[in-house]
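Structure first, then comments.
The values are calculated or read from the model by the stated rules, or taken from the named source; none is laboratory data. Nothing here was measured: the structure is a model prediction, and the numbers come from that model. FYI the Cβ positions are ideal-geometry reconstructions off the backbone, even for glycines, and counts take in every protein chain you see.
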Amino acid sequence: MRVSRSWYFASLFRRWLPKPLSGAATLNGTLRDVRNGAIRDAQVIVTEKSKGLTRESLSDTSGSFLFPSVSPGIYAVQVRKEASPHIR
């Protein structure tokens, strides 16, 4: 009977322990120009260096971008934005 009681308390205690990290993170940021204005509709490309995996996103109206569920690693981040014909 003692063994089963110990197992019960260990099982209860295990529920309250923090769960291990899932191995994924979020990569996010905000793109700004030299005048601190938001850069919207820019293509943001992240490439995981060791595997060469690439993901793409567009910045929103506030210049923000988000890559959810990014696995740990070293990434290269590229931003591409074509100049608007209305800007001179």
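One line per residue, one yes/no per condition, for (1) in contact (Cβ under 8 Å) with a residue 60 or more places away in the chain; (2) surrounded by 10 or more Cβ atoms within 10 Å (Cβ to Cβ); (3) over 24 Å from Ala83 (Cβ atoms); (4) more than 11 Å from the chain's Cα centre (by Cα):
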residue: Arg32; (1), (2), (3), (4): no, yes, no, yes
residue: Ile39; (1), (2), (3), (4): no, yes, no, yes
residue: Lys49; (1), (2), (3), (4): no, yes, yes, yes
residue: Gly52; (1), (2), (3), (4): no, no, yes, yes
residue: Asp60; (1), (2), (3), (4): no, yes, no, yes
residue: Phe65; (1), (2), (3), (4): no, yes, no, no
residue: Val70; (1), (2), (3), (4): no, yes, yes, no
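Scanning for something surrounded by 12 or more Cβ atoms within 10 Å (Cβ to Cβ), at pLDDT below 95, out of contact with any Leu (no Cβ under 6 Å at 6 or more places or on another chain) and among the basic types (Lys, Arg), does segment 9-20 turn up at least one residue? Checked against the condition, which is being surrounded by 12 or more Cβ atoms within 10 Å (Cβ to Cβ), at pLDDT below 95, out of contact with any Leu (no Cβ under 6 Å at 6 or more places or on another chain) and among the basic types (Lys, Arg), segment 9-20 yields no hits at all.
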